[in-house]
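Nothing in this text is a laboratory measurement; each read-out follows from the coordinates by a stated rule. Please read all numbers here as calculations on a predicted model, not as lab measurements. With ideal geometry, Cβ positions are generated from the backbone for all residues, glycine too; neighbour counts draw on all protein chains shown.
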Amino acid sequence: MSPMAYKDLTTDEVCDLLSQAYQSGMRGYYLFGGEPLLRRDIDVIIEYAKHRGFLTTMNTNGSLLLEVAPNITEHLDFAFVSLDYPDKYHDHIRGRPGSFREVVKGVHLLLETGHTNVTLVTTISTLNLHQIEAMARFAQELGVGLSYNAVEPTWIADYKGRSTSVVNDYGLNESEMRFFYSKLLELKHQGYPLMESEWVLRDYAIQKPWICHFPKIFIYVSPDGFIFPCTYTFHHPLVNLKGTPFAEYFTSQIYRDHVKNAEHCNECLRTCVRMYTYTYALHPLHLLTLTTAAQMWARQIRHHMNASGPSKNNLKAQLKRP
């Protein structure tokens, strides 16, 4: 285990922060990492959050789903599971043999249990740019949703743009990024189960500027209890929650500055961030096209109720792909 794990909040400290967050008006709890399933108390935390009244969501690389899924799925509403290729080449991208099989089996287990709605998350780089449509077909065959990210360079602190980094070896250039968003919009029109709304994809494709409301909706809390900016600049934390009540952050000048800086950032490549922002702003056309995601999750629920899920034959076919 990493030495950093010993700096993590205890189970009681996490639950206390969740209680404070709920009292401050927050109703969604999103676990991500690193890898959240590495926490040995993750089932206790998810169960507490669900009983407290939160909508529970997790982003995972899927490597531990077979082991942990039976203990968490009853209280986990949504799972976003990383998968970057529709066959075993995913193992090469992730640098670990067996990753593809683990993810597919883990997703199947989540669907079988019948409580968790599943979406695959594919991070597009130069290694899999040519597989965008193939991943959409794969998700459709598996009976789950799909969301895309693009590899992005590291942020410089305080909203000063992005740095040159090793990501340049795999990141998409400007022309490839235009192709990426245009392709997603095309797949959306073709009826594939993309979670992104048509309007978000359209605006990314035409490079339309936007006002970001993300810090008004989401707060990133590190495993050791620091609130940090949405730019992932961990060495510039905003607040230490071990010494500051959660509610005080929302009335602080630090919070107001963070909100103001983010509004005109326009550097974010994450479609989900723009999705949340458009929803917060009650963007009418965006809200209208969210029906696709709602229909996708409704189909999953119906499958759960009928105790069907993806067929075992289809699962075996996926695992046998070269």
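Evaluating kT/(6 pi eta Rh) at 37 °C and 0.692 mPa s, with the Kirkwood radius of region 1-151 over Cα pairs in the Stokes-Einstein relation, gives 202 µm² s⁻¹.
Separation of region 24-103 and region 245-260, taken as the distance between their Cα centroids, equals 29 angstrom.
What does a probe at Asn240 reach in region 205-232, counting residues whose amide N is under 16 Å from the point 7 Å along Cα→Cβ? 222-228, by backbone N distance to the label point. When peptides 267-273, 139-145, 91-97, 205-211 are ranked by their average number of other Cβ atoms within 10 Å per residue, the highest-first order is 139-145, 267-273, 91-97, 205-211. A simple spin-label model places the labels of Glu133 and Asn261 4.2 nm from each other, with each point 7 Å out along Cα-to-Cβ.
The aspartates and glutamates whose alpha-carbon is closer than 18 Å to the alpha-carbon of Lys216, local same-chain residues fewer than 8 away aside, are Asp158, Glu248, Asp257, Glu263, Glu267.
The magnitude of the dipole of region 14-144, with charges of +1 and -1 set on the Cβ of Lys/Arg and Asp/Glu and taken from the Cα centre, is near 140 debye.
If R0 is 25 Å, the Cβ-Cβ spacing of Phe218 and Asp41 corresponds to a FRET efficiency of close to 0.60. With 31 Å as the limit, the listed pairs Lys88/Lys188; Lys50/Lys242; Lys50/Lys183; Lys88/Lys242; Lys105/Lys183; Lys88/Lys183 have Lys50/Lys183; Lys88/Lys242 beyond it between alpha carbons.
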